[in-house]
Amino acid sequence: MQYPLEITRTNRRLLEKILDHYSLEQLNKVPDGFSNNLIWNIAHVVVTQQLLVYKLSGLPLMIDAEMVNRYKKGTKTEGAVTQEEVDKVRTLLFSTLDQTEKDIEADIFKGFQEYPTSTGFVLKSIQDALNFNNFHEGIHLGYILALKKSL
């Protein structure tokens with residue numbers, strides 16, 4: 001199960017470069033025609049990974065409920081984030097994956113609540129969740145690339 005996490009880690013490095021090369025103002029800007037900004041998309045993939053992998057497995061999340069409520073599916077940018085929040089997201093990009101890797105090695109993923117995604121794919125296992133998460137993160141990387149061109 002390590003390979004899907006390597007794909008995720010590669011994507012997260014691309015997201016980290018966005019955080020490195022764009023100002024706080026640019027990260028917070030919602031261009032015309034978009035409902036979200038760069039930082040929302042990056043935080044959203046962190047939240048979604050936690051929900052797909054941990055919540056559907058009946059395990060505690062590594063992020064707080066406030067972050068989930070702000071960046072889960074169906075939300076949109078509600079206001080500017082601070083540099084402190086950006087730094088927190090940057091840390092979570094990799095700390096969540098590091099812990100997921102340890103948890104896979106420790107074999108803590110025993111149960112899984114079947115979940116039909118909005119794309120029509122039904123997740124039935126932790127392996128499905130890890131694979132679908134990469135698909136999801138790829139979609140948001142595409143949004144991010146489009147947002148970059150609109151800044």
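Rounded if a/c is under 1.5, else prolate if a/b is larger than b/c, else oblate: which is region 77-151, with a ≥ b ≥ c the root eigenvalues of its Cα gyration tensor?
Oblate is the answer for region 77-151, as a/c is 1.5 or above yet b/c matches or exceeds a/b.
How many percent of the accessible area of region 43-151 is carbon or sulfur, using a 1.4 Å probe?
So the carbon and sulfur contribution to the accessible surface is 54 percent.
Which one of 140, 44, 21 has the biggest mean-square fluctuation once the chain is modelled by GNM with Cα springs under 10 Å?
Most flexible of the set in this elastic network: 21.
For the chain, just the Cα atoms, rotate onto the principal axes and tell me the three extents in Å, largest first.
Reported extents, whole Å, longest axis first: 43, 29, 27.
Helix 2-21 against the longest principal axis of the chain: what's the angle in degrees, Cα atoms only, rounded to the nearest 10?
Once rounded, the angle reads 10 degrees.
For the chain, modelled as a GNM with alpha-carbon contacts under 10 angstrom, which of 129, 106, 43 fluctuates the most?
Per the Cα network of the chain with a 10 Å cutoff, 106 tops the list.
Explain nothing, just the number: dipole magnitude of the chain about its Cα centre with +1 on each Lys and Arg Cβ and -1 on each Asp and Glu Cβ, in debye rounded to the nearest 20.
Once rounded to the nearest 20, the dipole reads 380 debye.
Just to confirm the number: angle between the C-alpha axis of helix 38-53 and the first principal axis of the chain, 0 to 90 degrees, nearest 10?
Roughly 10 degrees, rounded to the nearest 10.
Show me, bin by bin at 5 Å from 0, the whole-percent P(r) of region 33-81 based on Cα pairs.
Using 5 Å bins, I get a P(r) of 5, 22, 32, 22, 11, 7, 2, 0 for region 33-81.
Which ³J(HN,Hα) values, rounded to whole Hz and listed in residue order, are derived for region 102-109 from phi using the Karplus coefficients 6.51, -1.76 and 1.60 in 6.51 cos²θ - 1.76 cosθ + 1.60 with θ = phi - 60°, glycine and proline given as x?
Couplings: 5, 5, 5, 4, 7, 6, 8, 7 Hz.
Out of 99, 30, 111, whose Cα points farthest toward the positive end of the dipole of the chain (charges: +1 Lys, Arg; -1 Asp, Glu; placed on Cβ)?
Checking the options against the dipole of the chain, the answer is 30.
The values are calculated or read from the model by the stated rules, or taken from the named source; none is laboratory data. A quick note: this is a predicted structure, and the numbers were derived from the prediction, not measured. Backbone-built Cβ (ideal geometry, glycine too); neighbour counts: all protein chains shown. For accessibility, only protein heavy atoms count, side chains too; no ligands or nucleic acids. Shrake-Rupley method; radii C 1.70, N 1.55, O 1.52, S 1.80 Å.
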